[in-house]
Amino acid sequence: MIKNKVYPIGGFRTDNPTQYSDWRDFFIKNLPNLDFDDPREHNQSAVAKLDTGDMNSAMNCPISLVYLFGNKRAGTMSYCELGASRARGNCIIAVDGNDKKDSLIEQIATHYYTDKERALEFLQKEKFNFNKYFPIRIENKTKTKEPCKSVLFTGNLEELGMEELIKEIAKVKEVHTRPPIGELAKFSDKFDLVVVNFSKGEQHSKYGLYHMGLAYATEVPIIELEGNSKFPYPPLPGLARRVFMGKERFNVAREYLERLQSQHISDEALICYELMNKYNK
């Protein structure tokens, strides 16, 4: 791990769909003292390779630099990458140039600015103080036969099917929703599984994405409930252990969660095979 390695996180597009923003070039050009891991150079030949490259960079670069511009929120995967960076205890330097500030990013940033020139001035210091968080403990929940007791439900929670699912699973497991952003030190101890719902035709919940990143980095399994069955956002399924899609996803998730005890592959896979046979007819 290189001390001054920076991973630049944020959107690529401008208001012109044929043009990309040059904000990364601005920082790279003006910060020769830092080593940038540019996501534009990551392998794009397969989603699995892209996911691995982006998430590994977010986890392993000691500094994450996130930039919001054009009154757009950060990119969809940006929130996942920020969750992964936060889980590893990295320094998060946020620049929010939007009129309406992003409260999630403001809460998780170790250094927060509202314009890129001030952030640049800070980063140009040869020995700047990049305060970091303590990393969250990694615990792979699929390696043991321990029962899955605690589930974090996140994402688009207000959808009717999601509300009903949470009520049903609360009868058999410990259920959590909307944990405070600051209470993350025991994420992998508190949650055995993360279930994230994305509603059809709606913007992806940034909190759901952020929790996916936390879970990915701490190896807590993720179940993605994807409402867009025709063309889901490509990188997200690669972060999940299982993906249930379309109108039936809540029924599949209910059966899966009610039957799920151990998350070890020898037990969990049997449930998946039976559900695939039932719902893929």
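The values are calculated or read from the model by the stated rules, or taken from the named source; none is laboratory data. These figures come from a predicted structure and were not determined experimentally. We place every Cβ from the backbone using ideal geometry, glycine too, and count neighbours over all the protein chains shown. Please note that ligands, DNA and RNA were not included when accessible areas were found on the heavy atoms of the full protein model with its side chains. Shrake-Rupley method; radii C 1.70, N 1.55, O 1.52, S 1.80 Å.
Once neighbouring chains are kept in place and the probe is 1.4 Å, which whole percent of the accessible area of the chain is contributed by carbon and sulfur?
Answer for the chain: carbon and sulfur cover 50 percent of the accessible area.
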**Report entry** Probe 1.4 Å, accessible area per residue of the chain, Å²
**Finding:** 50
Report task. Any chance you could run the full-extension gain for Gln203 through Ala185? It's 0.36 nm times the residue separation minus the Cα-Cα distance, nm to one decimal. Result -> 3.7 nm
Report task. Give the peptides 229-239, 214-224 in descending order of average Cβ contacts within 10 Å, highest first. Result -> 214-224, 229-239
Requested in this report: Using +1 at the Cβ of each Lys and Arg and -1 at the Cβ of each Asp and Glu in region 114-194, identify which of Ile136, Phe122, His176 lies farthest towards the dipole's positive end.
Outcome: Ile136
Query raised in the report: Considering only protein heavy atoms, what is the solvent-accessible area of Arg88 at a probe of 1.4 Å, reported in Å² to the nearest 10?
Result: 70
Requested in this report: Starting from the Kirkwood radius over alpha-carbon pairs of region 42-149, derive D by Stokes-Einstein at 10 °C in a medium of 1.306 mPa s and give it in µm² s⁻¹.
Outcome: 103
Requested in this report: For the pairs Lys116/Lys206; Lys145/Lys281; Lys49/Lys143; Lys141/Lys173; Lys49/Lys230, note any where the Cα-Cα span goes beyond 19 Å.
Outcome: Lys116/Lys206; Lys145/Lys281; Lys49/Lys143; Lys49/Lys230
Query raised in the report: So what is the relative contact order for the chain, in percent, with contacts set as C-alpha pairs under 8 Å and at least six apart?
Result: 18
Query raised in the report: Relative contact order, percent, of region 23-117 when contacts are C-alpha pairs under 8 Å separated by at least 6 residues?
Result: 22
Query raised in the report: Using alpha-carbon pairs under 8 Å, 6+ residues apart, how would you state the relative contact order of region 112-219 in percent?
Result: 37
Query raised in the report: Given a Förster distance of 30 angstrom, what is the FRET efficiency for Gln44 paired with Val172, based on the Cβ-Cβ distance and rounded to 0.05?
Result: 0.10
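Could you order the peptides 144-151, 60-67 from most to least packed, using the average number of other C-beta atoms within 10 Å per residue?
60-67, 144-151
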Report summary line: For the chain, Rg(Cα) over 2.2 N^0.38 Å is 1.03
Query - Calculated P(r) of region 71-216 - Cα pairs past 27 Å, % - result: 30
**Report entry** Debye, to nearest 20: dipole size of region 115-266, +1 on Lys, Arg Cβ, -1 on Asp, Glu Cβ
**Finding:** 340
Query raised in the report: If you build the Cα gyration tensor of region 215-265 and take the root of 5 times each eigenvalue, what three semi-axes come out, in whole angstrom, biggest first?
Result: 19, 17, 6
Query raised in the report: Per residue of the chain, what 222 nm ellipticity follows from adding -39500 (n - 2.57) for every DSSP H run with n ≥ 4, rounded to the nearest 500?
Result: -10500 deg cm²/dmol
